[in-house]
Amino acid sequence: MVLRRWSQDARLSLARLPSLAGLGRVPAAPVHTVRDLWPGDPVAGAQLALGSLTHRGVTRRIGPGRWEDPSYPESFRACLHGFTWLRDLRAVGTDAARLQARALVNDWLAHPPTDPMMRDCAVTGARLAAWLGHYDFFAASADDGFRHRLMQRLLAEGRTIAALLPPETHDWRALIAFKGLLAAAIAMPDHSGFLSRFMRYLDAELGRQILQDGCHIQRSPEIQLLALRELAEMRAMLNAAQVPLPDSLALALDRMSPVLRAMRHGDGGLALFNGGNAGTVATIEMVLAQSTRSRVVATAMPDGGFIRLQVGRSLLLVDAAPPPPPGFDSQAHAGTLSFEFSVARQRVIVNCGGGQTAAWQRALRESAAHSLLVLEGRSSSDIGPDGAIQRRPAHVTAEQMGQDGAHWLDLSHDGYHAAFGASWRRRLYLGDGGEDLRGEEIVEGERAQSFDLRFHLHPTVGAEWDAEGQIVVLDVGGRIWKFRAEGGNLTVEESIYCGSGKPERTRQIVIHVRPGDDAAPEAAEPAPAEAAAPDRDGDKPEPETDRPEPPPPHPRAARSGNAERTRQVIRWGLMRMEE
């Protein structure tokens, strides 16, 4: 490690020197044009033209002499020094916006920051790709002196990234560094070391990040989108320069695109697992169009640990795996066995998403911000002071079965075993054309436990009690669904939804269970064929009471029979009512 750091520091020192003999001549302009593929926001661009930048809900004044303002949060500084906001100025399309972009780049060139973030190869890669991607916008018409200074710095930035590879961290942001180095290689092909270093380390990096089923190792739909976007840009650069596409890059694009399609709800946005937000439909469609011509949707994601069930117009997405492994878990949530449910274009049951500020990010990573069971008020995974996961479920099981158009899931994890000697088993059933979602939650332990079952609702879903106060009536896009529960105390409470990037008030259905509360009585389980079968008239039989029926048993599920352990069972059902 010490030798690697010494070698890296030596390469960095050379990279920051002016052009020397043997290090190549500074070109007068990029040989190949590297174009930024993504549209900017003209509203944000107009704000930038007036000297303000907004990132993740934080707005600050920027301009000459402000590059190292100590009041800037770390993520804001990364955005500022990455220059990706140049696309917003480009979207304005006026000469004033062009001159503002040129002035800001020129000031940065004249006073390069000494911020330790300058050693972050992802920030350097973003800056290099942004400068080259918008060269025609802000630099092509500039004077010779500006263009020479810019090209000198671009060469130094390329050398800097080359010196920092392989990256010290291997999350999705490492791909930004590879993109930046490739941009330098395409724009300055005489410096052949850039392309050779890109090719040397790319295969290993993609092997670390992209699982065999196409899921990104960080297990976040938003990161799946961001990583795929970086790879799509790389492919566009290689195609523009007529450089053959590496096999590892082509394979990653082919594998990742179906997974991204699978993680979309009917409204076109992304599911909210492990943070992030739903994104914009236009952006997602654009990334997919740049990535592959195929419109295949992944039907299985065993390595990523997600389950996708679509019956009729209904979609059920389940996080059926522990958080990502160490090194990839800095943004991971304690959401194991959480699920999201949507009908057509209407989201119904959701997770809360990811926050913009540090306080919100921390709060929304806890289990309580997900649609799942929370035992004794504690999350199933513990998040350390550095943001990494300190404790996670060691064993997560997931079994899936389909029969006659219905689907069963039998899930469990041991995330509460160490603290409480308890395990949680979740059984889900989706049938009747997608209009019958039922669940059974089983907590087994050495004693009766207190726990809460949370079902966060999308802000557009209305929730009211029925006349008897026993059933929660949901207005789902003008159609009525009813939520019933057996056991515990059923309540409707306030919640927060951050799927759009900003907190929105919403509601959540919560079943509170405390020791001594009545749980659902044990009942003999019908055979799968009986449970899924219609009555003689072809209609679904109505239950005799308002209590939800237990989910039909998973055809292969074995019921625990350990009589020495306390067993608490809660059953619930969400069903669409006839008009």
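The values are calculated or read from the model by the stated rules, or taken from the named source; none is laboratory data. Just so it is clear, the model here is predicted, and its values are computed rather than measured. Positions of Cβ are generated from backbone atoms using ideal geometry, with glycine treated the same way; all protein chains shown enter the neighbour counts. Side chains are part of the model used for accessible areas, which takes the heavy atoms of the whole protein and leaves out ligands, DNA and RNA. Shrake-Rupley method; radii C 1.70, N 1.55, O 1.52, S 1.80 Å.
Across segment 487-502, what is the number of residues that are in contact with a Pro (Cβ under 8 Å, 6 or more places away or on another chain) and open to solvent by 20 Å² or more (accessible area, probe 1.4 Å)?
Within segment 487-502, the subset in contact with a Pro (Cβ under 8 Å, 6 or more places away or on another chain) is 496-497.
Pick out the ones that are also open to solvent by 20 Å² or more (accessible area, probe 1.4 Å) and you get 496.
Of the residues in segment 487-502, 1 are in contact with a Pro (Cβ under 8 Å, 6 or more places away or on another chain) and open to solvent by 20 Å² or more (accessible area, probe 1.4 Å).
Which residue out of R427, R454, R392 is touching a helix residue (DSSP H, G or I) at 6+ places or on another chain (Cβ under 8 Å) and either crowded, with 22+ Cβ neighbours inside 10 Å or closer than 30 Å to P515 by Cβ (or both)? Working first, answer last.
Working: R427 fails: touching a helix residue (DSSP H, G or I) at 6+ places or on another chain (Cβ under 8 Å); R392 fails: touching a helix residue (DSSP H, G or I) at 6+ places or on another chain (Cβ under 8 Å).
Going through R427, R454, R392 in turn, just one is touching a helix residue (DSSP H, G or I) at 6+ places or on another chain (Cβ under 8 Å) and either crowded, with 22+ Cβ neighbours inside 10 Å or closer than 30 Å to P515 by Cβ (or both): R454.
Taking the stated definitions as given, is L128 open to solvent by less than 10 Å² (accessible area, probe 1.4 Å), of a type in the set (A, V, I, L, M, F, W, C), at pLDDT 95 or above and within 11 Å of A183 (Cα to Cα)?
Numbers: open to solvent by less than 10 Å² (accessible area, probe 1.4 Å): yes; of a type in the set (A, V, I, L, M, F, W, C): yes; at pLDDT 95 or above: yes; within 11 Å of A183 (Cα to Cα): yes.
When the stated conditions are applied, L128 passes them.
Answer yes or no as to whether G275 is touching a Gly at 6+ places or on another chain (Cβ under 6 Å), open to solvent by 10 Å² or more (accessible area, probe 1.4 Å) and at positive phi.
On the way: touching a Gly at 6+ places or on another chain (Cβ under 6 Å): yes; open to solvent by 10 Å² or more (accessible area, probe 1.4 Å): no; at positive phi: yes.
For G275, the condition - touching a Gly at 6+ places or on another chain (Cβ under 6 Å), open to solvent by 10 Å² or more (accessible area, probe 1.4 Å) and at positive phi - is not met.
Count, please, the residues in segment 47-72 that happen to be among the hydrophobic types (A, V, I, L, M, F, W, C) and either free of Cβ contacts under 8 Å to residues at least 12 places away in the same chain or open to solvent by 50 Å² or more (accessible area, probe 1.4 Å) (or both).
First, pick out the residues of segment 47-72 that are among the hydrophobic types (A, V, I, L, M, F, W, C): 48-50, 53, 58, 62, 67.
Those left that are additionally either free of Cβ contacts under 8 Å to residues at least 12 places away in the same chain or open to solvent by 50 Å² or more (accessible area, probe 1.4 Å) (or both): 50.
Here the count works out to 1.
Report, by residue number, each residue of segment 268-327 that is of a type in the set (D, E, K, R) and closer than 30 Å to G439 by Cα. Talk me through it step by step, then tell me what you get.
Within segment 268-327, the subset of a type in the set (D, E, K, R) is 285, 293, 295, 303, 308, 313, 319.
Those that are of a type in the set (D, E, K, R) and closer than 30 Å to G439 by Cα: D303, R308, R313, D319.
Which one of H134, H148 is at pLDDT 95 or above and closer than 19 Å to D95 by Cα? Lay out the reasoning, then the answer.
Values: H148 fails: closer than 19 Å to D95 by Cα.
None of the others qualify; the one that does is H134.
Please specify each residue of segment 163-184 satisfying the condition of being closer than 16 Å to A126 by Cβ and of a type in the set (A, V, I, L, M). Break it down stepwise before answering.
To start, the set of residues in segment 163-184 that are closer than 16 Å to A126 by Cβ comprises 164-165, 167, 169, 171-184.
Scanning segment 163-184 gives L164, L165, A174, L175, I176, A177, L181, L182, A183, A184.
For segment 172-191, indicate whether the set of residues that are in contact with a helix residue (DSSP H, G or I) (Cβ under 6 Å, 6 or more places away or on another chain), modelled with pLDDT of 95 or more, buried (at least 21 other Cβ atoms within 10 Å of the Cβ) and part of a loop (DSSP other than H, G, I, E, B) is non-empty.
Yes, segment 172-191 has at least one match.
Do you know which residues across segment 288-347 are part of a loop (DSSP other than H, G, I, E, B), hydrophobic (A, V, I, L, M, F, W, C) and open to solvent by less than 10 Å² (accessible area, probe 1.4 Å)?
A332, A334, L337
Kindly establish whether P64 is in a loop (DSSP other than H, G, I, E, B) and farther than 15 Å from G51 by Cβ.
Values: in a loop (DSSP other than H, G, I, E, B): yes; farther than 15 Å from G51 by Cβ: no.
Spelling it out, it is not the case that P64 is in a loop (DSSP other than H, G, I, E, B) and farther than 15 Å from G51 by Cβ.
Which pairs turn up if I take residues in segment 147-162 that are closer than 16 Å to Y135 by Cα and assigned to a helix (DSSP H, G or I) and look for partners that are modelled with pLDDT of 95 or more and among the basic types (K, R) with beta carbon separation below 7 Å, at least 6 apart in sequence or on another chain?
Close Cβ pairs (under 7 Å, with a partner that is modelled with pLDDT of 95 or more and among the basic types (K, R)) amount to E157/R127.
So, in segment 469-485, exactly how many residues are part of a loop (DSSP other than H, G, I, E, B), touching a residue at least 40 places away in the same chain (Cβ under 8 Å) and open to solvent by 50 Å² or more (accessible area, probe 1.4 Å)?
Of all residues in segment 469-485, those part of a loop (DSSP other than H, G, I, E, B) come to 469-471, 477-478.
Subset that is touching a residue at least 40 places away in the same chain (Cβ under 8 Å): 470-471, 477.
Next, from what is left, pick out any that are open to solvent by 50 Å² or more (accessible area, probe 1.4 Å): 470, 477.
Count: 2.
State the number of residues belonging to segment 82-118 that are surrounded by 14 or more Cβ atoms within 10 Å (Cβ to Cβ) and either touching a Gly at 6+ places or on another chain (Cβ under 9 Å) or of a type outside the set (A, V, I, L, M) (or both). Reasoning before the result, please.
Restricting attention to segment 82-118, the residues satisfying the condition of being surrounded by 14 or more Cβ atoms within 10 Å (Cβ to Cβ) are 82-92, 97-102, 104-109, 115, 117-118.
When the remaining residues are screened for being either touching a Gly at 6+ places or on another chain (Cβ under 9 Å) or of a type outside the set (A, V, I, L, M) (or both), the result is 82-92, 97-98, 100, 102, 104, 106-108, 115.
Going through segment 82-118 one residue at a time, the tally reaches 20.
Here's a check for you: in segment 356-408, which residue that is β-branched (V, I, T) and assigned to a strand (DSSP E or B) is nearest to V443 (Cα to Cα)?
First, the residues of segment 356-408 that are β-branched (V, I, T): 357, 374, 383, 389, 396-397.
Then drop every residue that is not assigned to a strand (DSSP E or B), which leaves 374, 383, 389, 396-397.
On the way: V374: 11, I383: 23, I389: 24, V396: 15, T397: 15 Å.
Among those that are β-branched (V, I, T) and assigned to a strand (DSSP E or B), it is V374.
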